[in-house]
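The values are calculated or read from the model by the stated rules, or taken from the named source; none is laboratory data. Model, not experiment: these values are computed from the prediction. We place every Cβ from the backbone using ideal geometry, glycine too, and count neighbours over all the protein chains shown. SASA here: full protein model, heavy atoms, side chains in, ligands and nucleic acids out. Shrake-Rupley method; radii C 1.70, N 1.55, O 1.52, S 1.80 Å.
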Amino acid sequence: SESCYSSMFSRCTSLVNAPELPATTLSNSCYSSMFSHCTSLVNAPELPATTLSAHCYNSMFSGCTSLVNAPELPATTLSNSCYNGMFYGCTSLVNAPELPATTLSSYCYNDMFYGCASLVNAPELPATTLSESCYSYMFYGCTSLVNAPELPATTLSESCYSSMFNRCTSLVNAPK
């Protein structure tokens, strides 16, 4: 149900491995901040959900400074703020997940990789119709990011790309 696992393991600084999370349909805020600031978390659980609700993964791994690999995120239709801040401040994150979603909602990817200083390559972003602030601050402060993804969107919305690559000081190739 709504917010059922929200902040469940937040600030468990010795937690190394997360439990299995087999749900495929998520409710509002159900995993919000679940592992936030688990600074020793090395392995994220598999996240097979394809039916997402608002804020379901919001800040789920924020501040997990030992996390190197992100789990796969198979959903193709996103809800409001569903991935907002999901990996915020994961300074060791090197590998971002593929992001196959083509139907976006407001703030869905907002702050997703904010401050991920070890992230070198951004995932592909295949959506062609964007929602309000959907990519805002997505890679803000990703100081190792060298290549930006192509941005094929042709239908834009308010603030959809706002500060998307702000403070990406190593960015060599910008999208066309």
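The table below lists the values:
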| quantity | calculated |
| --- | --- |
| Solvent-accessible heavy-atom area per residue, rounded to whole Å², over segment 1-97 at 1.4 Å | 43 |
| Relative contact order, percent, the chain [alpha-carbon distance under 8 Å, six or more residues apart] | 15 |
| Percent carbon-and-sulfur accessible area, segment 1-81, ignoring ligands, DNA and RNA, probe 1.4 Å | 47 |
| Hypothetical label at Glu158: residues of segment 77-93 whose amide nitrogen lies under 20 Å (7 Å Cα-Cβ projection) | 79-82, 84 |
| Two-decimal Rg/Rh across the chain, once Rg and the Kirkwood Rh are taken from alpha-carbon atoms | 0.95 |
| Prolate/oblate/rounded call for segment 87-176, Cα gyration tensor, a/c under 1.5 rounded | prolate |
| Within the accessible area of segment 128-174 (1.4 Å probe), percent carbon and sulfur | 45 |
| Neighbour net charge for Pro149 - beta-carbon separation under 14 angstrom, K R +1, D E -1 | -2 |
